[in-house]
Amino acid sequence: MGVVVNNLVLHVHPTRVYRRSIRPAGTLGLGLICFYLFVIEWITGVYLMFYYEPSVSAAYGRIQDLDSVVTFGRVVRNVHRWGAEAMVVFVFLHMCRVFYTGAYKPPREFNWVLGVILLLLTLALSFTGYLLPWDQLSFWAVTVGTNIASYAPVLGPKFRFLLLGGDTVGSEALLRFYTLHVIAVPTVAALLINYHIWRVIKDGGLARPPQQEPQSADGVVPTFPLVVYMELLVFVVVTVGLLVISLLFNAPLEEEANPLQPSNPSKAPWYFLGLQELVSYSAFWGGVMVPTVLTLFLLVLPYIDRGPDGVGEWFARKRLGMIILWSLLLIGIVVTILIGVYFRGPNWNFYWPWNAWPGPD
């Protein structure tokens, strides 16, 4: 049995790693947490598929059955929903960690590009699953989210029509979102995650010390059992944490979707609220230019910032300019999301969250 375990571990790990490379302060375990969240989403998603039907007439009722009839249905749905939200957060935090430690620089530049694509796929996974409960919250959130996509010139309206299977969110949209959510996007994501992990190993991974670390045998430890036990501990913490949250907080479920009764305000999913806030000022700049420029910047970043300075070091002074630029972008994203979540009321007017929610006009 020990031989089998060792062979399995060494297929995805080097035989020995540098002690500094596995210190929690180095990576914070964020990449591992993202992987575990994906696995948990896959497992809970398969369970939910046994009871879900992607049709307008049945979808909402099946979600109600999960909450009140199906054994462990409510807990599994909660884990799946909060796991999806957590995955968006942790994939973004993982990218921030990679940036602030300069780990996107050669020879890891292509793996950074893979990480950017995986971030987009994570958003796609969460967004396509958002519609499936078919309640007022999900219906109007997806309506707003797809409207933002339609602001792109020429291809925007065509992409929205292709995604929805028509001009409005309806039965065709639900079926397409379901297919994308359970087959297309997770398949592509799983393949890229495997390739991403392989690239980590190929580019040195835990077997390569930071540049400032002397390559002496004193700092080397065997992968099994130390690294494996650490990874198992992270898995237990992530799983228990999700279960606790799922037992304390239920996934939202409003009234059944009604296309004739718009929510006011109608808000996109929280991770797109920054774009919705920008769109409220300018549809073209907020819906097209800002996301396009930001995505292109992330993709070309490791190819324009190739200097070896500060690799493996948190907030290196030699990279101060790039760190300030990234931090400003991060602050802008967080602030616009917070405005959309807490400071926008009916008709997208500003209101103070500590005051009573104003009623619709």
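Counting every other Cβ atom within 10 Å of each residue's Cβ, F92, F72 order from fewest to most as F72, F92.
The H on the amide N of V220, modeled in the peptide plane, is under 5 Å from the matching H of R19, each at least 5 residues off or on a different chain. For D135, the residues 5 or more places off, or on other chains, whose built amide H falls under 5 Å of its own are A257.
With respect to the chain, whose longest principal axis is taken over its alpha-carbon atoms, helix 2-12 is tilted by about 70°. Here each label is just a point 7 Å from Cα along the line to Cβ, and for I201 and V188 those points are 2.5 nm apart. Across the alpha-carbon atoms of the chain, the computed radius of gyration and Dmax are 22.2, 71 angstrom. Please give the residues of segment 30-71, grouped as numeric ranges, whose backbone N is less than 20 Å from a label point set 7 Å along the Cα-to-Cβ vector of E256. Counting only backbone N, you get 51-70. The convex hull built on the alpha-carbon positions of segment 53-116 has an orientation-averaged projected area of 6.2 nm².
Placing a pseudo-label 7 Å from each Cα along the Cα-to-Cβ vector at W354 and F235 gives an inter-label distance of 4.6 nm. Only alpha carbons enter this Debye calculation for segment 222-361, each as an equal point scatterer, and the log10 of I(q)/I(0) it gives at q = 0.09, 0.13, 0.20 Å⁻¹ is -0.53, -0.95, -1.19. The lysines within cross-link reach of K318, meaning a Cα-to-Cα straight distance under 30 Å and a gap of 8 or more places when in the same chain, are K105, K202. Mind checking the log10 I(q)/I(0) for segment 34-163 at q = 0.13 Å⁻¹? Debye, one equal scatterer per Cα, no solvent, two decimals. Relative scattering, expressed as log10 I(q)/I(0), comes to -0.69. Measure nothing fancy, just the Cα-based angle from helix 30-49's long axis to the longest principal axis of the chain, in degrees from 0 to 90, nearest 10. With both axes taken from Cα atoms, the answer is about 40 degrees. As a rough footprinting exposure proxy, the listed residues E41, E172 were ranked by other beta carbons within 10 Å of their own, and the order from fewest upward is E172, E41. Relative contact order of the chain: 27 percent, from C-alpha pairs under 8 Å at least 6 residues apart in sequence.
Ratio of Rg to Rh for segment 21-65: 1.32 [Cα atoms; Kirkwood radius as inverse mean 1/r over pairs]. Projecting the Cα positions of N349, V228, L119 onto the charge dipole of the chain (unit charges on Cβ atoms of Lys, Arg, Asp and Glu, taken about the Cα centre) puts V228 furthest along the positive direction.
Bear in mind that the values in this text are calculations on the coordinates, not laboratory data. Note that the structure is predicted; figures quoted are calculated from it, not measured. Because the Cβ atoms are built from the backbone with ideal geometry, glycine has one as well, and the counts that use them run over all protein chains shown.
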